[in-house]
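The structure appears right after this line, and notes come after that.
The values are calculated or read from the model by the stated rules, or taken from the named source; none is laboratory data. Note that the structure is a prediction, hence the values are computed from the model and not measured. With ideal geometry, Cβ positions are generated from the backbone for all residues, glycine too; neighbour counts draw on all protein chains shown. We work out accessible area using only protein heavy atoms, side chains counted, and drop any ligands, DNA or RNA first. Shrake-Rupley method; radii C 1.70, N 1.55, O 1.52, S 1.80 Å.
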Amino acid sequence: MVMTHYMELLSLNQPYNLILYMVIPMGLAELLVAMEFFTMYHMDSGKNAGFKAVSKFVGIVLGVYFTALVIYFLAKIYPSIKWRGYADIIAIYSYLIGVIPLLGIALLELNLIYKNASQKAKLKLHFCLLIFFLIVGHVAMIFGMVDPTITGYKANDGAMDMRMNMPMNMPADMPMHDHHKMMMDMQQMSDDNSTNMHMHH
């Protein structure tokens, strides 16, 4: 089975890529949802100060962390991507778009945007940004799990075999960009072999 780049990213360099690109951002986002709920639940009683403090801290950490993650991805991984159909494109871009709401939440918590807005207006924007991130995050997951071949991507047998066997043959501690370089080299070798076979025929 051919994987999207989203799933490939999470499956390589286990368990570190899974933790860095999925567990940490989604875990912090879900913690933020919980803090927002408890903040609203205790609003009338005035006992929500602790939840608000945690929510503010998590919002800033999550926004800064995910922004750094996306910058690294764009600099080190994105240039080597060769798209595998529209499911692949939707998965990756949905994931990257998540930086917009999360950075917005961090800037909101740091009082760098919406400075003169009321607390209610800020809370509403906070909710909208968080919902936006959860939507694009789940879109990325759904399309990331799709087999690219069912959306029109054509892969030769050599490329498919290479991707199926690659995780077992690669050292677990290889950096992510080295994984991608090796993938591109192997893909090129596969393409060259295919071209040579056609020439001989």
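A few notes on this one:
- Subset of region 111-127 [part of a helix (DSSP H, G or I) and either farther than 15 Å from Ile60 by Cβ or open to solvent by 60 Å² or more (accessible area, probe 1.4 Å) (or both)]: Gln119, Lys120, Ala121, Leu123, Lys124, Leu125, Phe127
- Residue among Val23, Val61 that alone is open to solvent by 70 Å² or more (accessible area, probe 1.4 Å), at pLDDT 90 or above, β-branched (Val, Ile, Thr) and part of a helix (DSSP H, G or I): Val23
- Here Asp185 passes the criteria (1) open to solvent by 70 Å² or more (accessible area, probe 1.4 Å); (2) at pLDDT below 80; (3) in a loop (DSSP other than H, G, I, E, B) except the one numbered (3).
- Residue satisfying condition, being assigned to a helix (DSSP H, G or I), within 22 Å of the chain's Cα centre (by Cα) and surrounded by 15 or more Cβ atoms within 10 Å (Cβ to Cβ), within set Ala29, Ala34: Ala29
- Considering region 58-82, the residues that are hydrophobic (A, V, I, L, M, F, W, C) and without any contact (Cβ under 8 Å) to a residue 12 or more places away in the chain include one that is farthest from Thr4 (Cα to Cα), namely Ala68.
- Complete set of residues in region 6-16 that are part of a helix (DSSP H, G or I), surrounded by fewer than 17 Cβ atoms within 10 Å (Cβ to Cβ) and touching a residue at least 60 places away in the same chain (Cβ under 8 Å): Ser11
- Conditions (1) over 18 Å from the mean Cα position of the chain (by Cα); (2) closer than 26 Å to Thr149 by Cα; (3) open to solvent by 70 Å² or more (accessible area, probe 1.4 Å): number failed by Tyr93: (1)
- Failed item, numbered, when Val136 is tested on (1) open to solvent by less than 70 Å² (accessible area, probe 1.4 Å); (2) out of contact with any Gly (no Cβ under 8 Å at 6 or more places or on another chain): (2)
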